[in-house]
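Here's the structure we're looking at; comments come further down.
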Amino acid sequence: MLTKVAIVGRPNVGKSTLFNRFIGRKKAIIHEMPGTTRDRNDYEVNWKDKKFIVTDTAGWSSDVSVFSEEMAKQLDIAVDQADIIVLVVDGKTGIHPLDVQIAQQIRQSRKKTILVVNKIDTQAEEAKGYEFYKLGFDDVLFISANHGRCMNELLDKVWSNIKYDRRTKNTEELLKIILVGKPNVGKSSFVNAAAKEERSIVHDVPGTTRDSLSVHVNFNDKEYILTDTAGLHRGSKTKDDMEYLSTLSTSYAIEDADVAVLVADASQGIGETEVKIARLLIEKRKPIIVAVNKWDLVEDKEEAAKYFTEQLRERIKFMSWADIIFISAKTGQRLERIFAEAEIIYKQYTREISQEELNEVVREAVARKPMVRKGKVLKFKEYAQVASKPPVFIFSVNDLELVHFSYERFMENCFRDKFGFKGTPIVLKFRQFFRIKNKSNIN
């Protein structure tokens, strides 16, 4: 197991900004509204050949609300599971009563703790933070997460407290599966069921999940990175800044993922929002599984399955190659199918076709349906696979005007019939063939 480092503190002291500094990119949502982060968010960091997991946590709060109790529970678990705790305080506002309360609870845990006084932009401002030594921690650093000041010193401090490098399989080798869908379809319940613990807060209020939440899970003795995302909405306009940032976070997370699972609600069917999300996934060229959740609530399952399949093929015709799986995150029904299917379609997503196989499928396609328009015959001069993830093929033809959209679709169907490409988009590009004349023939 890797060393686990938990970032904790009261709301709005800069924990998510610090988390983003640790991982070197903007992953966690940052907003001035307290309580933006609600779940624990894991990410693997590599510093000077030592790896560790850094966890962003919800801000501790004394407020009594629907979410505060759950947020506190998540933080308690994070502290309990952590090897090193980074306690973040606000150097500009001074000691807050909640800082004292949190410090007392952390000292009781007897975990190695680094006190980080944030929002200290210059060395001259460090004097403002000396009062935080009253919290009783020996390791105190004055940083600015916003500007990156003293981040190397903090990383070195964490590094020095990792007694040895507990190496595991690089996360790049793990399959990264992302769950996307509109609010309240059961994405967070799926994560909790797969992780076998409450990693994502579940509530019947839409929009409970605001940030993309990445969790290391072990399913059927195999490791995965499973990402929960904020629910995406049908409209092009968002209601407020928080909703906009949530959508942006989901978009970034999709780009990082290997396989996308589009989650739909069995009681609602495939609607405009699912079509919009499907288009987004196609634009980002991701392999896709459609998971219809809450299947345990459906009575006539055979008729409902037929209805959903017809809906998918009718409303999302451009994604007819995606499989549909009926699941229940609540009961765990068919969750194993999602992971098994993800493995299969990722192999299709990364597949490379030999030139010999390409020659065969093109010859068969041309023989089956020659393209003739205005007395001209379409001829394929050169062709090759030029990329994978997704598979991309380029065809040089004698006359580009002969390539109609319907013929492109025909060629795609031929490729899928021959090679499968289950669950993954493929890209066919056509270009005009130009023969380079021999220089000796040029005057």
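Assorted remarks:
- Qualifying position, being free of Cβ contacts under 8 Å to residues at least 24 places away in the same chain, assigned to a helix (DSSP H, G or I) and under 25 Å from Ile324 (Cβ atoms), among Glu336, Glu341, Glu412: Glu412
- Among the residues of the stretch 330-339, those identified as open to solvent by less than 50 Å² (accessible area, probe 1.4 Å) and either modelled with pLDDT of 95 or more or under 27 Å from Arg285 (Cβ atoms) (or both) are Leu335, Ile338, Phe339.
- Pairs, first open to solvent by 20 Å² or more (accessible area, probe 1.4 Å) in the stretch 37-61, second at pLDDT 75 or above and in a loop (DSSP other than H, G, I, E, B), C-beta under 6 Å, six or more apart: Lys50/Ile162; Lys51/Leu2; Trp60/Arg10; Ser61/Pro11
- Only one of the numbered conditions (1) at pLDDT 65 or above; (2) more than 22 Å from Val292 (Cα to Cα); (3) among the aliphatic types (A, V, I, L, M) is violated by Ala194, and that is (2).
- Output for the stretch 391-409, where each listed residue is assigned to a strand (DSSP E or B) and either open to solvent by 10 Å² or more (accessible area, probe 1.4 Å) or within 22 Å of Arg279 (Cα to Cα) (or both): Val392, Phe393, Ile394
- Taking residues in the stretch 1-27 that are of a type in the set (S, T, N, Q), and partners anywhere that are surrounded by fewer than 21 Cβ atoms within 10 Å (Cβ to Cβ) and modelled with pLDDT of 85 or more, the pairs with Cβ atoms closer than 7 Å and at least 6 places apart or on different chains are Thr3/Asp83; Thr3/Ile84; Thr3/Ile162; Thr17/Asn146.
- Scoring Lys381 on the criteria (1) open to solvent by 10 Å² or more (accessible area, probe 1.4 Å); (2) assigned to a helix (DSSP H, G or I); (3) more than 20 Å from Asp258 (Cα to Cα) leaves a single failure, condition (2).
- Comparison of Ala257, Ala278, Ala253 shows that the only residue that is among the hydrophobic types (A, V, I, L, M, F, W, C), farther than 20 Å from Leu335 by Cα, modelled with pLDDT under 95 and buried (at least 23 other Cβ atoms within 10 Å of the Cβ) is Ala253.
- The number of residues in the stretch 286-311 that are open to solvent by 10 Å² or more (accessible area, probe 1.4 Å), within 29 Å of Arg351 (Cα to Cα) and modelled with pLDDT of 95 or more comes to 1.
- Within the stretch 121-133, residues that are in contact (Cβ under 8 Å) with a residue 40 or more places away in the chain have Cβ atoms under 8 Å from residues that are in a helix (DSSP H, G or I) and of a type in the set (Lys, Arg) in no pair, counting only partners at least 6 apart in sequence or on another chain.
The values are calculated or read from the model by the stated rules, or taken from the named source; none is laboratory data. Only a predicted model underlies this, so the values are computations on that prediction, with no experimental measurement involved. No Cβ is skipped: glycine too gets one built from the backbone with ideal geometry, and neighbour counts run over all protein chains shown. For accessibility, only protein heavy atoms count, side chains too; no ligands or nucleic acids. Shrake-Rupley method; radii C 1.70, N 1.55, O 1.52, S 1.80 Å.
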